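One structure is given here, and the rest of the page talks about it.
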Amino acid sequence: MTWIKPSFLWMMYRCGWGAKAGQETVLAVEIAREGFEWALRNACLSSYDRELHTDRGVWQGQLKRSPARVQWDPERDLHLRALPYRSLQLGLCGEAVRRYADEWTVSISDVTPLAHVIRGLVTGGDTESAARLLPEERPYPAADGWTRP
């Protein structure tokens with residue numbers, strides 16, 4: 001399974017600004033909107049929710065068959081502290097991973113140097129300069145009928 005993590009700061013939390021062992025390189029992967037929306041349409045929540053699923057067994061069956069998983073994790077601030085709202089994490093497996101690698105990927109860029117510069121600014125107390133360097137992130141204009149928990 002591989003994960004799409006659209007939030008830069010959540011990714012910095014996950015990889016420790018590119019300093020965690022085995023996570024020293026941070027890549028920004030641009031994918032086609034059609035692919036992202038295919039994954040969303042074919043996704044199952046990564047955890048059971050009794051308000052949304054008829055029973056745990058039905059959810060487990062959906063999860064097993066689904067090529068994508070959706071989960072919501074707390075968004076992070078520049079100090080990597082949890083914020084009171086959540087960011088999407090989109091897990092891919094099976095067919096979705098193949099499509100991601102072979103069809104959806106538009107570009108890949110190494111943003112490790114950027115992560116290190118922003119971390120240095122935050123560590124040095126210059127959060128205003130750090131914030132100006134963050135990649136632009138906008139709310140995703142979801143298709144009609146899609147909602148976020």
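Here are the numbers for this structure:
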{"read-out": "Residues satisfying the stated conditions in the range 25-51, i.e. more than 30 Å from residue 135 (Cα to Cα) and in contact (Cβ under 8 Å) with a residue 40 or more places away in the chain", "value": "49"}
{"read-out": "Single residue of 22, 18 found to be small (Gly, Ala, Ser) and touching a residue at least 40 places away in the same chain (Cβ under 8 Å)", "value": "18"}
{"read-out": "Which numbered condition residue 40 fails, given (1) under 15 Å from the mean Cα position of the chain (by Cα); (2) modelled with pLDDT of 95 or more; (3) not aromatic (Phe, Trp, Tyr)", "value": "(2)"}
{"read-out": "The lone exception for residue 21 - which of (1) of a type in the set (A, V, I, L, M, F, W, C); (2) closer than 22 Å to residue 107 by Cα; (3) at pLDDT 95 or above it fails", "value": "(2)"}
{"read-out": "Residues of the range 12-28 classified as closer than 11 Å to residue 113 by Cα, part of a loop (DSSP other than H, G, I, E, B) and not charged (D, E, K, R), total", "value": "4"}
{"read-out": "Unique match (being of a type in the set (A, V, I, L, M), farther than 22 Å from residue 137 by Cα and outside any strand (DSSP E or B)) among 78, 40, 52, 9", "value": "52"}
{"read-out": "Selection within the range 114-126 - over 18 Å from residue 7 (Cα atoms) and part of a helix (DSSP H, G or I)", "value": "120, 121, 123"}
{"read-out": "Single match in 50, 86, 69 (criterion: basic (Lys, Arg) and touching a Phe, Trp or Tyr at 6+ places or on another chain (Cβ under 6 Å))", "value": "86"}
{"read-out": "Positions within the range 115-126 being crowded, with 17+ Cβ neighbours inside 10 Å and without any contact (Cβ under 8 Å) to a residue 60 or more places away in the chain, in sequence order", "value": "121, 122"}
{"read-out": "Residues being part of a helix (DSSP H, G or I) and surrounded by 11 or more Cβ atoms within 10 Å (Cβ to Cβ) - total across the range 57-75", "value": "6"}
{"read-out": "Filtered residues of the range 81-113 (kept if among the aliphatic types (A, V, I, L, M), in contact (Cβ under 8 Å) with a residue 24 or more places away in the chain, out of contact with any Asp or Glu (no Cβ under 8 Å at 6 or more places or on another chain) and not in a loop (DSSP other than H, G, I, E, B))", "value": "88, 90, 92, 96, 97"}
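The values are calculated or read from the model by the stated rules, or taken from the named source; none is laboratory data. Owing to the predicted nature of the structure, the values given are computational and were not obtained by experimental measurement. Cβ: placed from backbone, ideal geometry, glycine included. Neighbour counts: every protein chain shown.
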